[in-house]
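Please treat every number below as a calculation from the coordinates, not as lab data. Model, not experiment: these values are computed from the prediction. Using ideal geometry, Cβ is built from the backbone for each residue, glycine included, and neighbour counts are taken over all protein chains shown.
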Amino acid sequence: MIQTAEDKVKEYCQCIRREIEHWKVINQNGCSDPFWPDGCNMNLTRNHIIYYQSKIREICTENRLPLPDEYYLAVSPEVNVNYMANLKQKERVTQIFYGGYVPVRKKYYYDEQQMSLF
């Protein structure tokens with residue numbers, strides 16, 4: 001089945017909402033990636049949001065469609081790559097920071113009311 005421009009925009013809108021929720025879950029609970037700190041995974045998720053917003057802009061511009069609300073949602077903040085949301089995962093924290101890096105515990109907040117000026 002061939003996707004229309006509107007279908008692609010709807011799909012990317014769902015992806016943006018899913019990635020925002022994923023970022024929040026990692027920020028709240030950490031993740032289970034045994035090789036990378038939570039900050040790396042949160043920044044990757046942030047990059048996904050930026051990518052989907054750029055694809056929406058591209059499709060809407062090419063097809064003269066109005067930009068959906070998801071395009072204007074705030075992008076999650078960039079975090080320190082060594083950020084760990086959950087230091088209680090002792091084995092994971094030890095494995096990740098075995099090389100002498102110090103985990104960052106600063107709490108990050110995502111202001112959903114801030115509109116993006118992408």
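Observations on the model:
- Options T61, I20, N80, ranked by Cα towards positive dipole end of the chain, top entry (Cβ charges): N80
- Least to most buried among C31, C60 (fewest other Cβ within 10 Å first): C60, C31
- The dipole here belongs to the chain: it is taken about the Cα centre, uses +1 on the Cβ of Lys and Arg and -1 on the Cβ of Asp and Glu, and is about 440 debye.
- The chain: angle of helix 5-29 to the longest principal axis, Cα-based, in degrees nearest 10: 20 degrees
- For the chain, calculated [θ]222 nm from helices alone, where every DSSP H run of n ≥ 4 adds -39500 (n - 2.57): -17000 deg cm²/dmol
- Against the set (i) 7.8; (ii) 9.8; (iii) 8.5, the structure's computed mean projected area of the Cα convex hull in nm² falls on (iii).
- With R₀ set to 22 Å, the beta-carbon distance separating K10 from T61 gives a calculated FRET efficiency near 0.85.
- Sorting W23, W36 from the fewest to the most surrounding beta carbons within 10 angstrom yields W36, W23.
- Between the Cα long axis of helix 38-63 and the first principal axis of the chain there is an angle of about 10°, rounded to the nearest 10.
- Extension gain, S54 back to L87 (0.36 nm per residue minus Cα-Cα distance, nm): 8.5 nm
- For K8, a cut-off of 16 angstrom between C-alpha atoms picks up these lysines, skipping any fewer than 8 places away in its own chain: K55.
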